[in-house]
């Protein structure tokens, strides 16, 4: 096989801090090389160097594409050398059509006139390459997350790259969408494209990658072929110590049923006269961790948002400790002792211009004030307590939350609810975009809350996580409940069959 | 020594308020050198008095902008409320207290409408308050047919001119309000909520903050303060003038932005607003004293906005890089 990319002892410093130390790496034609590592291990730095975000001269060392030394000045240069980057955060223009997005920046034109006909005809070709079945005229706004992710890849293909850099392409996708995406990547690679693939999902990496490279603290720890790799080994390399049990499940003593939902129906947020959730009911016991599984669009998040009062519901009863309660807005839920961590950390989890302290106490203003006046001392003490308890890694509680990594931000978001005496805590994708180390810490926080008697509702698109963490699982399929599975009977197969509405279980 | 100086300057640049203060002092010294009238008692009081009328509104605007809103209607509300008070005294011979209250109520009513448009009808704040700007100004013209209302009772006009311990009444009013504003913003749960809904309204909602109620409050506060400024302006002039407050919204917004309040919401302080407002008055007084033509003054104001906001953006990008 031909060596297409050769990275030789590249280092990158920010000020005095070396984030990337003498990393070398080869990429062969038609292979998928996965790079894994905790957040801050240097994966993104690597991508940024290769894709021209950091111009030549901003780093030390050199790299070659097909034996030719590369000194990129911009991302544009990288594109011209056949390197395309697909960013983790989908960066499409939501109000432009699918085809316009595809060709943005390289619109075929004749003089000053854009050749629209050609664009829409060509678009179909690229959509086919990624098995994306949407109308090129459709606004991107109306596409689902996974469709948008596929479109981002199609967009990268437009420039006919030799090397594609994928930064966590599946982090926002469900299990089956992710599988579909990975199939497409495999297909592209079999056609001769080479691919560097960053992911947090090791199951995925072990399935798709030809070789797996582990970065830790800016150094290349190991590169192994897939056949030689095991999950334990990879995680061990990532965190620098052996890891026997990632989830390390700790069960709490289950108490009586504390929270019940009956006959919940939620209208679809975008489609008129359609329900996204229909007549759903379930309950949670004190100290229980209830997993909500299902494909994106199955209505897990929507049901919980409706229960929490963040979305409107058509009908449905919510009972807390046997008493029916009325929740019309999040405020009502909180006053009853129900909290929720949303799936969109940036959009509805943190307040970017605020400090850690202010973010932590934002739901507890009543507890830290007297007659409407804030009591600074009490606030500082409270925030500091949880800052220490959760081992938040930052410059202190007066640091701004934007300076933190995803995992640490999430801990701050969790602490917002830990300082309240909750009966029920809803967690929607609490470990999305979080590195392995922080994930483990978050699981432990969840176990601790459960042991304190809090009923936890845990939504996740990572099936392994739910299998590892939960006591029981409810499976959503097309807006209804298809499975209710106790931990003893957990298996990937049962869950997938229920989630895809093939076979009901336990109902 | 050299190094120390540099560090001092650097830390100065880091705190936005100190930066403005620095420019303020520099500007005052420059003007004083050219024209020593600047730092005389009467001119200082003049500058402070002019600052106060703007500042009272700017305080409210600070709350609105931090909460990610915008209020363009303050200039028109200023005029309308002044006139409502004036009319109440002139046509209906109502007691001053009642007239003032009516003026404030009129301001509050428009604040309520603004909030209603923004919160319930989901009209973007710029459009909603632009509508109010025209409606209020229209009512002014309907009410006065273009001519001023005067004379007003002596006791009322006197308030606009009187001093306490050598300081104009209005300056004291503005100072007390600024202090109250600072305490509200920094030390009350309400203030924290204002920052929260400006920083991220969705997160605020998730955390149980009644975003609509807080939004209502800030618009109500802003327009009521605009009304107060209008009534005090009427007292100062001894008449209800239909043309006052034309373009005040821009002066106010400029001052607040120079003071470091973010148009994206979630950031800003009352101290910054006070300094920003003061800087604007010193600038305009200074330019008069130095002899800059009125035409050029507008140009300079525009330049100041670009410099102030440009500098702010530069600081931010530096901070990100660090």
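Extent along the principal axes, Cα only, for the range A:348-420: 36, 23, 19 Å, with the longest axis given first.
If you take every DSSP beta bridge fully contained in the range A:3-239, what fraction is antiparallel? Give it as a percent rounded to 5. Taking every DSSP beta bridge with both residues in the range A:3-239, the antiparallel ones total about 60 percent.
The simple spin-label model puts a point 7 Å past each Cα toward its Cβ; for residue A:106 and residue B:142 those points are separated by 6.0 nm. For the range B:41-308, averaging the sequence separation of C-alpha pairs within contact (under 8 Å, six or more residues apart) and dividing by the residue count gives a relative contact order of 37 percent.
Can you check how the C-alpha radius of gyration of the range A:3-239 compares to 2.2 N^0.38 Å, as a plain ratio? Display every interim value, and only then the final one.
On the way: Rg = 18.0 Å, N = 237, 2.2 N^0.38 = 17.6 Å.
Against the compact-globule rule of thumb, the ratio is 1.02.
The alpha-carbon atoms of the range B:13-127, seen along their principal axes, cover 50, 40, 19 angstrom, with the largest extent given first. Highest mobility in the GNM of chain B, judged by mean-square fluctuation with C-alpha springs under 10 Å and restricted to B:253, B:57, B:96, is found for B:96. Estimated from helical segments only, the mean residue ellipticity of the protein assembly as shown at 222 nm is -15500 deg cm²/dmol, where each DSSP H run of four or more residues counts as -39500 (n - 2.57). For the range A:89-147 versus the range B:123-197, the inter-centroid distance based on Cα atoms is 51 Å. Taking N as the residue count of chain B, its C-alpha radius of gyration divided by 2.2 N^0.38 Å amounts to 1.02.
Listing A:201, A:487 from the residue with the fewest other Cβ atoms within 10 Å to the one with the most, what is the order?
Values: A:201 21, A:487 15.
Going from sparsest to densest Cβ surroundings: A:487, A:201.
What spacing in nm lies between the two simple spin-label points modelled at residue A:315 and residue B:307, each 7 Å away from Cα in the Cβ direction? Placing both labels 7 Å beyond Cα along the Cβ direction yields 6.8 nm. Taking the Kirkwood radius as the inverse of the mean 1/r across Cα pairs, report the Rg/Rh of the protein assembly as shown. Rg/Rh: 1.02. Across the range B:147-201, the fraction of Cα-Cα pairs farther apart than 17 Å, rounded to a whole number, is 60%. Given R0 = 22 Å, the distance between the Cβ atoms of residue A:385 and residue A:464 translates into a calculated FRET efficiency of 0.10.
Out of all DSSP beta bridges in the protein assembly as shown, what portion is antiparallel? Express it as a percent rounded to 5. Before the final figure, lay out the partial values.
Working: 52 of 88 bridges.
The antiparallel fraction comes to roughly 60 percent.
Would you mind calculating the relative contact order of chain A from Cα pairs under 8 angstrom and at least 6 residues apart, reporting the percent as a whole number? Write out the running numbers ahead of the final one.
On the way: 1023 pairs, mean separation 73.0, N = 507.
Dividing the mean separation by the residue count of chain A yields 14 percent.
Sorting B:195, A:120 on the 10 Å Cβ count, fewest up front, what's the list? Intermediate results must be reported in sequence, preceding the final value.
On the way: B:195 22, A:120 18.
Starting with the residue having the fewest Cβ neighbours, the order is A:120, B:195.
Remind me, relative contact order of the range A:348-420 in percent, using alpha carbon pairs under 8 angstrom and six or more residues apart? The normalised contact order for the range A:348-420 reaches 46 percent. Of A:501, B:222, the sequence from fewest to most neighbouring Cβ atoms within 10 angstrom is A:501, B:222.
Compute the separation of the alpha-carbon centres of the range A:1-61 and the range B:289-314 and state it in Å as a whole number. Centre-to-centre (Cα) distance: 46 Å.
Note down the Stokes-Einstein diffusion coefficient of the range A:315-440 in µm²/s, whole number, using a Kirkwood radius over alpha carbon pairs, 10 °C, and 1.306 mPa s.
Values: Rh = 15.4 Å.
For these conditions, the coefficient is 103 µm²/s.
The separation of the range B:215-288 from the range A:299-361, counted between C-alpha centres, amounts to 38 Å.
All of the numbers you see were taken from the coordinates with simple rules; none came from a lab. Note that the structure is a prediction, hence the values are computed from the model and not measured. Here Cβ is always computed from backbone atoms with ideal geometry, including for glycine, and neighbour counts include all displayed protein chains.
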